[in-house]
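The values are calculated or read from the model by the stated rules, or taken from the named source; none is laboratory data. Computed from a predicted structure; not experimentally measured. Cβ: placed from backbone, ideal geometry, glycine included. Neighbour counts: every protein chain shown. Ligands, DNA and RNA are stripped out before the accessible areas are found, and what is left, the full protein with its side chains, is counted by its heavy atoms. Shrake-Rupley method; radii C 1.70, N 1.55, O 1.52, S 1.80 Å.
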Number of protein chains: 2
Amino acid sequence: MLPVVNVLGRLLCFFSFTYAIPVVGSLVMGDGLERVYGGATFVTLAAGLILYSSTRRHYRELRSRGGFILVVAAWAMMAGIATLPFLTVYPHMSFTDAYFETMSGLTTTGATVMTGLDGAPPSINLWRHELNWLGGMGIIVLAVAVLPLLGVGGMQLYKAEVPGPIKDTKLTARISDTAKALWLIYFGLTAACTLSLRLAGMSWFDALCHAFSALSLGGFSTRDASVGAFDSVAIEAVLIVFMTLAALNFATYFAAFQGRSLKALWRDAEARAVVSVLVVSTFGVAGYLWETGTYPSFPTALRHTAFNLVSMATDCGYASQDFGHWPIFASLWMFFLSCVTVSSGSTGGGIKMIRTLSLAKQARRELTRLVHPAMVDPVKIGGASLPGKIIIGVLGFIFLYFMSIVGMSFLLMLSGLDFLSAFTAIIACINNAGPGLNQVGPATNYAGLSNFQIWVCVFTMLLGRLEVLSLLVLFTPDFWRR
Amino acid sequence: MLPVVNVLGRLLCFFSFTYAIPVVGSLVMGDGLERVYGGATFVTLAAGLILYSSTRRHYRELRSRGGFILVVAAWAMMAGIATLPFLTVYPHMSFTDAYFETMSGLTTTGATVMTGLDGAPPSINLWRHELNWLGGMGIIVLAVAVLPLLGVGGMQLYKAEVPGPIKDTKLTARISDTAKALWLIYFGLTAACTLSLRLAGMSWFDALCHAFSALSLGGFSTRDASVGAFDSVAIEAVLIVFMTLAALNFATYFAAFQGRSLKALWRDAEARAVVSVLVVSTFGVAGYLWETGTYPSFPTALRHTAFNLVSMATDCGYASQDFGHWPIFASLWMFFLSCVTVSSGSTGGGIKMIRTLSLAKQARRELTRLVHPAMVDPVKIGGASLPGKIIIGVLGFIFLYFMSIVGMSFLLMLSGLDFLSAFTAIIACINNAGPGLNQVGPATNYAGLSNFQIWVCVFTMLLGRLEVLSLLVLFTPDFWRR
Ligand SMILES: [K+]
Ligand SMILES: [K+]
């Protein structure tokens, strides 16, 4: 345990510097809260130094077991320490609500229990959005570097074939190089998004905040009405582009960058599938909304479908319309997409497109096997065939993912929530998408839930973020047996 | 194709004799409809003889492809010809509704579009219940003998280990022996159930009808209010016992019978799991219903939970209470059980307990593998380990099963049905359980659905009954390629 505490201490020390952004923001915007973030920096740094220095003698490379504990503890601890500004600025806010907000931020879920965001101190909104953005950074390194080492995650499927940084993941020493390269791309895209949003008509402040939550696919907004408050086609168009970019594999960008060519992007079967699903679904649902009279013209239907569907399918979770009032087919279809669409190695959540593709191919293979039992026809993704062990792993993941949805939904219903709210809240949390439907729909938020329900959602967000297995493994007796 | 038509012709000839029961029933009860069934016999026999004799030269043993076409065509054709009495007695009934009723009967789903059952001619009710019973006979031979030959179905998992008739399934010639032995047990249990229901206070007519629908787990009733109309603890207790017996593997009964010992039953890991799930869930849900004040005392809650939960979990589908008005946790939990509980080789539907067990063990193994990557720990059911190919098959089945639920639910929602009705109707149909919730709940029936929705449900019943794969395979291009 002590080597894990040592790493956690170092993480806290780094984390203490992240308060610099709201400190600067507070000074620039003049909301007078700079001391709050200064205090939080001090507490975080002190806690980090104590943990680090008291366990310095125990530092060693972590093994698999320690890795799992570290990953879970890091997210839980950072969400805990990140509540400091909320609890200081809003003395009446409960720890439960504050923890929901920070965990929602750091897992890039983007569900909120806060109302009155439009009038909140700017630095508080900046801190919320920065949590999204930091969470996205954590996820990239988690998905590309850490989870494959632990034997978890969709990126395993890539091991054998993708050019670029992933092949190097076996060497712990190169993790940080990989992470740094991917973060540079992440920074660059965030800067481009901020600039584009400014040009589309947002203030610099709103542009930066929304760039933070778009690239991380976190989906926090500075407004209660989310992106709908801006009512701007240009802003929606910019966000659609950057949400889509964020839903693709950052390792592919790296490969394209290294090769000085967009060929890597084009050759990425997963990226092609993501974009196809988004385009086809958008036109289909827009047609349906037009035909059912939800919107008076096809262009209007297309505008609103494009934004809200891409937002939900990429697990970002902005809303520009109350899609909770769309015909149930349209809104639930977006929740279905939120489970299966985004690319592995992106900042999105859920099953990931590469697993979706393997499953579809495996299902087809099972059917073919019935007709041609002797036929040997391995499942292939992007030209490389997948060994049976990997397929069992993918199918096992899907099973645990579905069972988690079933189990957690039942917990929410047991505590009195209705079926639609419970089911969509869990889908939204496990995919780190954000809004659900009905009581937790886009026109409202998670503030109406009981404390027990809030904690179920918090657990589910973390479950989804850590690809289910990394958190569930802590609950097996084998894990704790010597 | 012609060899398949030949077998279908023979099936129709046999099927024509099944009208003998409503003919006798009509004469005994004096409802004056004997000519209707006589006419149906004539039409069915004539159609059968024409198909049979015109293709006699083409008779040959069927291969896998022909087997799939036969299984699907047999169910579709018999449901079609079985509509004759309904269409004759009720001239205003549409073919769609009549086909729903017969397919619901023959797949042992037991959902109905008919109201006024209490006042319907007795022979019509007898015919409905006989369809349930004939469906059950078909399913036993399908599950134990036919599907394993085609490479489909939960019984595959048993191949290596269970004593008794299953090992012989490789020889087509022995299929009929196996089927006959299992049918004898089915007949015996039906007789015992009829007698017990009579002793519990039902008329001979009601007793026979409900024995037909209990042993087949079909769930048709002679009353609109289902078993609730009798309001008798004794009747409910008898039905609980026989529904549970029907939810176990008939091959195990055969083994117990051959060995003159109940040891085979006790050694059946699947049977133990089924009974444990039923008992634990009953007490848990009864406690919940008592605690939430749905019923004033624990004994009352226990009585109603025991009957309705066992009925739904075994996919029988009788109701004694409007459980659509129970707290949503309790009613949806019963729908969850309807997916996973019954034993393979029984007349129930859904995933089947043996697959549920393999999945749970496989999921646990995936988690263990994360901690001990080198550990070789094969998944075992009842002492025998399962090869990876079988596990991939099971996981592939589950995936197609879940995707079918998702896809069919979306179709119903696309046509305007609400989420809860659509979702539970599909669950009830694919598991061949019967009632759903809300618009298709136990206090109402499927009569309110549109024609399109009815056909979606019909397709889903058949999909579930044929273990998903056997029907879906017909929709793959590979199947039709030479
Ligand atoms: K999100
Ligand atoms: K049934």
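Points worth noting:
- Candidates B:Ser213, B:Ser221: the one that is assigned to a loop (DSSP other than H, G, I, E, B), within 16 Å of ligand 2 (Cβ to nearest atom), more than 14 Å from chain A (Cβ to nearest Cβ) and open to solvent by less than 30 Å² (accessible area, probe 1.4 Å) is B:Ser221.
- Members of the stretch A:383-411 that are part of a helix (DSSP H, G or I), out of contact with any Phe, Trp or Tyr (no Cβ under 8 Å at 6 or more places or on another chain) and of a type outside the set (Val, Ile, Thr): A:Gly388, A:Lys389, A:Gly393, A:Gly396, A:Phe397, A:Phe399, A:Leu400, A:Tyr401, A:Met403, A:Ser404, A:Gly407, A:Leu411
- Scanning the stretch B:383-417 for residues that are facing chain A (nearest Cβ under 8 Å) and in contact (Cβ under 8 Å) with a residue 60 or more places away in the chain yields B:Gly393, B:Phe397, B:Leu400.
- Within the stretch B:352-362, being within 11 Å of chain A (Cβ to nearest Cβ), open to solvent by 10 Å² or more (accessible area, probe 1.4 Å) and either within 16 Å of ligand 1 (Cβ to nearest atom) or among the hydrophobic types (A, V, I, L, M, F, W, C) (or both) holds for one residue alone: B:Ala360.
Results for (1) within 16 Å of ligand 1 (Cβ to nearest atom); (2) in contact with a strand residue (DSSP E or B) (Cβ under 9 Å, 6 or more places away or on another chain); (3) of a type outside the set (Val, Ile, Thr); (4) open to solvent by 50 Å² or more (accessible area, probe 1.4 Å), shown as yes or no for each residue.
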residue	(1), (2), (3), (4)
A:Ala273	no, no, yes, no
A:Ser320	yes, no, yes, no
A:His325	no, no, yes, yes
A:Cys339	yes, no, yes, no
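- The residue pairs whose first member lies in the stretch B:211-234 and is touching a residue at least 40 places away in the same chain (Cβ under 8 Å) and β-branched (Val, Ile, Thr), whose second member is assigned to a loop (DSSP other than H, G, I, E, B) and within 12 Å of ligand 2 (Cβ to nearest atom), and whose beta carbons are closer than 6 Å, counting only pairs six or more residues apart or on different chains, are B:Val227/B:Tyr318.
- Residues within the stretch A:425-452 that are away from ligand 1 (no atom under 14 Å from the Cβ), among the polar types (S, T, N, Q) and either surrounded by 24 or more Cβ atoms within 10 Å (Cβ to Cβ) or closer than 17 Å to A:Gly464 by Cβ (or both), tallied: 0
- Matching option when the condition is at pLDDT below 95, on the phi < 0 side of the Ramachandran plot and away from every other protein chain (no Cβ under 14 Å), among A:Thr444, A:Thr460, A:Thr476: A:Thr444
- Verdict on A:Tyr288 being over 24 Å from A:Gly110 (Cβ atoms) and among the aromatic types (Phe, Trp, Tyr): yes
- Helices (runs of 4 or more DSSP H) enclosed by the stretch A:93-174 - at least 1 residues per element that are at pLDDT below 95 and β-branched (Val, Ile, Thr): A:122-141
- Residue pairs meeting the criteria (Cβ under 6 Å; at least 6 apart or on separate chains; first touching a residue at least 60 places away in the same chain (Cβ under 8 Å) and within 20 Å of B:Leu217 (Cβ to Cβ), in the stretch B:418-441; second away from ligand 1 (no atom under 16 Å from the Cβ) and among the acidic types (Asp, Glu)): B:Asn431/B:Asp315; B:Asn432/B:Asp315; B:Ala433/B:Asp315
- For the stretch B:275-296, the candidate set comprises residues that are of a type in the set (Gly, Ala, Ser) and open to solvent by 30 Å² or more (accessible area, probe 1.4 Å); within that set, the residue that is farthest from the other protein chains (Cβ to nearest Cβ) is B:Ser276.
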